[in-house]
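Peer 1: The following block contains the structure, expressed as structure tokens.
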Amino acid sequence: MLRVTAHVEDTTITLQLEGRLAGPTVIEAERCWQVTCAENPGRSRRLDLRAVTYLDQEGKAFLRRVFQQGASFLSSGCLTRAYVEEIIRSGK
């Protein structure tokens, strides 16, 4: 299960994810991301991964896509932090 919450501020949008970013939940996260970005053009984009408990290959692909779209990440857990650092290092 994945809980998705959008936080819109003056200059930033943050999509907060809580739970498992895997399988069918990635489709929901992707949809929420696209809608939130489309409704709030011109704001910087951020994905909050601090409460993500599991990440599969589809979840990793989603993170690469949003990074390529200019998103930054908030991550503190070992699971997401290691993968986010890998994405940023590789520039992909």
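Peer 1: Which members of the stretch 22-50 meet the condition of being in contact (Cβ under 8 Å) with a residue 12 or more places away in the chain and basic (Lys, Arg)?
Peer 2: 43, 45, 46, 50
Peer 1: Is it true that residue 49 is closer than 27 Å to residue 10 by Cβ, modelled with pLDDT of 90 or more and not β-branched (Val, Ile, Thr)?
Peer 2: So residue 49 fits the description; yes.
Peer 1: What number of residues within the stretch 52-68 satisfy the criterion of being under 11 Å from the mean Cα position of the chain (by Cα) and open to solvent by 30 Å² or more (accessible area, probe 1.4 Å)?
Peer 2: Number of matching residues: 4.
Peer 1: Across the stretch 1-36, what is the total count of residues that are closer than 16 Å to residue 64 by Cβ and either surrounded by 14 or more Cβ atoms within 10 Å (Cβ to Cβ) or in contact with a His (Cβ under 6 Å, 6 or more places away or on another chain) (or both)?
Peer 2: Matching residues across the stretch 1-36 total 8.
Peer 1: Just to be sure, is residue 53 of a type in the set (Ser, Thr, Tyr), on the phi < 0 side of the Ramachandran plot, out of contact with any Lys or Arg (no Cβ under 9 Å at 6 or more places or on another chain) and in contact (Cβ under 8 Å) with a residue 24 or more places away in the chain?
Peer 2: no
The values are calculated or read from the model by the stated rules, or taken from the named source; none is laboratory data. Please read all numbers here as calculations on a predicted model, not as lab measurements. Note: ideal-geometry Cβ built from the backbone for every residue, glycine included; neighbour counts use all protein chains shown. Remember, those area values only see protein heavy atoms, side chains included, never the ligands or the DNA or RNA. Shrake-Rupley method; radii C 1.70, N 1.55, O 1.52, S 1.80 Å.
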